[in-house]
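Following: one structure in structure tokens, then a few remarks.
What follows draws every value from the coordinates through simple rules; no lab data is involved. All of these numbers come straight from a predicted model, not from anything done at the bench. Every residue, glycine as well, gets a Cβ built from its backbone with ideal geometry; the counts of neighbours run over all protein chains shown.
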Amino acid sequence: MTEMKVGDKVTAIYKTGKYIGEVTDIRPQHYLVRVMAVLKHPMQGDLHNPKEADVMMFHERRALAYREQTNVPKQMVKPFAEEIPEYKDSLRKALDKMRTELEGDSSAWSEKSLRNLEALEKDYFK
């Protein structure tokens, strides 16, 4: 595993989302990563029952915000060498990609997820 340094550009997987960011601190088990762009929007619903619609609480999962910092387990952080896209553009692209994938699935989970994404989109791009 490559050891990262403060200031390194990285990809980081946090819960079910994937982000581009920068390492701002190094901890024993984690890197503190400042979010600069979104590669994959988090899945909707219950993390413990993925792709299940009939759960006690179907969570709306927001993408981490621009410059938000989060602890990411070291094994979920990889070096990133490309140009970092603009946050809003990357969020739009990640949301559109997830919508396309969900529209190809007729399950109750997909339908609930699409409703969540519509609400999130209104909030993200007001």
For Lys40 and Lys88, extending 7 Å from Cα along the Cα-Cβ vector and measuring point to point gives, in nm, a value of 2.7
Hydrodynamic calc, the range 1-85: Kirkwood Rh from Cα pairs, then Stokes-Einstein at 37 °C with viscosity 0.692 mPa s, so D in µm² s⁻¹ is 244
Note: Ala108 to Lys74 extended length (0.36 nm per residue) minus current alpha-carbon separation gives 8.8 nm
Over 28 Å (Cα to Cα) among Lys5/Lys51; Lys40/Lys126; Lys5/Lys88; Lys74/Lys112 -> Lys5/Lys51; Lys74/Lys112
Most packed first (mean Cβ within 10 Å per residue), the peptides 77-87, 26-36 order as 26-36, 77-87
Longest principal axis of the chain (C-alpha) makes with the long axis of helix 87-103 (C-alpha) an angle, in degrees to the nearest 10, of 40
Relative to the chain, whose Cα atoms define the longest principal axis, helix 108-124 and its Cα axis are tilted in degrees, nearest 10, by 60
Under the 7 Å Cα-to-Cβ spin-label approximation, Ala53 and Arg115 lie apart by a distance in nanometres of 0.9
